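The values are calculated or read from the model by the stated rules, or taken from the named source; none is laboratory data. Note that the structure is a prediction, hence the values are computed from the model and not measured. Cβ: placed from backbone, ideal geometry, glycine included. Neighbour counts: every protein chain shown. These area figures cover heavy atoms from the full protein model, side chains too; ligands, DNA and RNA do not enter into them. Shrake-Rupley method; radii C 1.70, N 1.55, O 1.52, S 1.80 Å.
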Amino acid sequence: MVNPKTNFATIAAVSQLLAVVVTVLALYYARDVFIPLALAVLLSFLLSPIVNRLQRWGLPNVMAVVITAAISFLLFGGAVTLLGRELTTLVGDLPKHKDELISKARSVAGLTSDVGGSLDRLADEVTEAMEEEGKKELESSTDLSVWEQWTSRLLPAPTSDSSVLPNDGSSVRKPLYVHEVKDGLPLASWATTAGTVLGPLATAGLVSVFALFILIHREDLRDRIIAVISHGNYVTTTEALDEAAGRISRYLIAQMIINLSYGFVLAIGLAIIGSTMTEGGMFPNAILWGVFATCLRFVPYVGPWAAAIFPLAIAISVFPGYNVFLAVLALIITMELFSNNVLEPWLYGSSTGISAVAVIFAAVFWGWLWGPVGLLLSTPLTVCLVVLGRYVPRFRMLATMLGEGLEIKPSLRFYQRMLANDEHRASELLKGYVDEHGFDSACDEMFVPALKRIRADHDVEQLSDSDANRLLAMSGGLVAKLGAQLEEKPSDESIDVELPLVIGCPAHHVSETLILNLLRIGGAGEFKLNSSEDDALPQDVGRQIAESRPVVVVIVVLPKGGFAQSRYLCKTIRREGYAGPIVVACLGRFKNYDRLLVKFRKAGVTSTTTSYSQLRARVALNLKRHANLTASRLKISDPVSGATN
């Protein structure tokens with residue numbers, strides 16, 4: 001018979017996969033709409049702190065947005081104008097640097113091997129042959145009149161031999177004959193050019209309009225988003241939006257400051273290198289390379305490398321020797337080290353919450369989806385996905401896969417090492433946690449949860465009997481090893497102190513004996529613990545306790561199950577005549593704890609605990625009471641002391 005839960009889980013998994021596929025397809029095919037919207041939201045995150053600051057100074061919302069937008073447009077227009085002028089200068093100066101670049105390439109080729117020298121000689125021979133052929137063609141063309149030269153170039157020359165093409169382009173006398181076809185091509189060319197120019201302008205216009213409306217109506221949009229996606233949970237939705245907005249704004253502002261300072265320092269450094277190390281006294285287009293560095297560094301990982309290539313290429317192709325190139329390389333390395341190790345940790349403060357691997361994956365994914373704009377938006381969009389995974393349980397996988405700090409409980413790491421049969425690493429984890437947090441905390445946070453997970457996985461048949469027994473045996477070995485490591489030798493072995501007796505009883509499972517062993521290790525030097533067998537009959541246990549008359553009796557219950565057995569054991573102990581305190585340790589969290597406590601009280605239990613640390617504290621309290629009671633009895637029975645008092 002097919003399990004309905006299995007079918008439902010399969011349908012849910014297929015539905016989630018289809019939803020992911022549909023979302024990715026929608027983002028890809030509707031990118032003309034989503035890209036301007038995403039850029040506008042990103043720009044609004046960057047400008048909203050300025051607008052909020054102007055509002056706190058007393059300006060109305062609309063006026064603050066208009067002033068912020070005007071300043072931004074002026075800065076952007078000035079940067080574009082400066083960039084265009086520098087690019088025009090660069091294009092005009094490129095032919096001047098051809099000879100130096102060729103000489104550098106030939107020198108590098110000559111240093112590599114004999115192959116480089118052979119290629120160099122071959123290139124020289126080809127160049128000389130081409131120059132000689134050009135001279136011959138030029139000399140033959142000078143014998144013709146000017147009219148014949150032009151007509152021979154424009155019109156096909158007559159020939160008597162039909163096997164020879166009249167215009168094969170082999171010489172000046174036989175030029176290629178080109179016939180112009182007028183078929184509306186200029187209009188198509190104009191349309192293509194207009195589309196190429198107007199496309200980015202239209203995108204920039206949409207981004208500007210979206211950003212202005214988002215900034216003006218940001219409070220109203222915030223309320224509407226919360227009302228739509230909260231489903232009544234306004235607290236969680238508000239916290240998620242605040243965290244996403246805060247992380248993205250801090251990241252963008254810090255990155256803007258870092259990149260602007262980097263570009264400014266790079267331009268100044270290149271100018272200083274040009275004025276001190278070159279004959280002309282200047283480095284070509286230093287401002288352009290500073291602007292390029294500022295813009296390219298917004299792209300994760302790839303941007304800094306691309307920003308460094310341009311000034312290095314200019315340094316090696318324009319200036320003779322390698323001194324300028326090495327100086328520029330040293331400048332870039334110094335700036336990168338200072339930026340990565342000093343400036344970024346100081347300005348970023350709290351990180352974006354994304355792991356390094358997730359940043360690379362996000363850059364690849366969004367770059368494939370949206371191109372260069374996707375590279376720019378990869379980090380902010382991934383921040384939104386991580387925040388979504390933190391606050392929405394259905395998308396928690398995103399926070400686990402993309403988040404910076406993978407929150408794995410110590411007990412889960414410990415259990416994973418045990419499953420992998422890595423006893424050495426499991427022992428190191430347990431010992432390290434004991435050294436850092438203490439023995440009681442290690443029992444509560446690592447060992448007891450791992451035992452409960454073994455029991456739970458075995459109950460649902462995820463672990464076979466042999467695997468469960470192997471893990472329990474490994475747990476026992478780890479407990480014994482930990483006890484040997486924590487064992488403290490007495491300062492004077494000749495003194496034999498009689499410790500109070502505590503008897504521990506497992507309720508129904510062998511794993512509870514391991515908890516009693518932990519109690520024995522934790523109470524070393526305070527009391528002596530004798531534990532009964534997990535398969536012993538309750539009547540035998542009751543008679544043993546009545547005969548031994550311990551200070552405290554401890555019954556350990558590790559759910560699932562064990563409550564009925566522990567109550568029956570407690571009743572049996574009371575029937576056998578034991579009147580001392582009985583502590584039941586129910587390790588876990590229970591919804592109906594009050595009802596469970598009442599049942600234990602009726603069975604004769606003195607107190608109950610829900611953790612190992614509480615059990616230790618309760619046993620210590622009972623031992624202290626017993627010691628005080630014993631001391632008072634000795635004081636009353638001592639006649640000398642009584643006479644003195």
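Quick notes on this structure:
- Summing charges over neighbours of VAL556, with a neighbour being any other residue whose Cβ is under 11 Å away from its Cβ, gives -2 when K and R count +1 and D and E count -1.
- Taking every Cα-Cα distance in the range 444-602 and sorting them into 10 Å bins from zero, the calculated P(r) comes out as 10, 35, 34, 17, 3, 0 percent.
- 3J(HN,Hα) from dihedral phi, the range 356-370, Karplus parametrisation 6.51/-1.76/1.60, rounded to Hz, x for glycine, proline: 5, 5, 5, 5, 5, 4, 5, 4, 5, 5, 6, x, 5, 7, 10
- Backbone HN-Hα couplings from phi across the range 15-28 [Karplus 6.51/-1.76/1.60, Hz, Gly and Pro as x]: 5, 5, 5, 5, 5, 5, 4, 5, 5, 5, 5, 5, 5, 6
- Probe 1.4 Å, accessible area per residue of the range 426-472, Å²: 49 Å²
- Put simply, the amide H of ILE555, placed in the peptide plane, has neighbours under 5 Å in CYS505, VAL583, VAL584, ALA585, leaving out anything fewer than 5 places away on its chain.
- Packing-based ranking, highest mean first, of 614-624, 332-342 given that Cβ atoms within 10 Å are counted: 614-624, 332-342
- Stokes-Einstein D (µm²/s) once Rh is taken as the Kirkwood radius of the range 548-608 over alpha-carbon pairs, at 4 °C in 1.567 mPa s: 110 µm²/s
- Added length on full extension, which subtracts the Cα-Cα distance from 0.36 nm per residue, PHE590 to ILE257: 114.6 nm
- Full extension of the chain between THR630 and ALA356 yields a length gain of 92.3 nm, computed as 0.36 nm times the residue separation minus the alpha carbon distance.
- Distance (nanometres) between label positions extended 7 Å along Cα→Cβ at ALA420 and GLN16: 2.4 nm
- Computed E for SER464/HIS217 - FRET, C-beta separation, R0 51 angstrom, nearest 0.05: 0.25
- FRET efficiency, ASP540 to ILE408 (Cβ-Cβ, R0 35 Å, nearest 0.05): 0.20
- Where labels lie 7 Å past Cα in the beta-carbon direction, separation of LEU312 and GLU239 in nm: 4.7 nm
- Annotation: amide H-H contacts under 5 Å for GLY523 (H modelled 1.01 Å from N, sequence separation of 5 or more, or interchain): none.
- Listed peptides 422-432, 283-293 by packing density, highest first (mean Cβ within 10 Å): 283-293, 422-432
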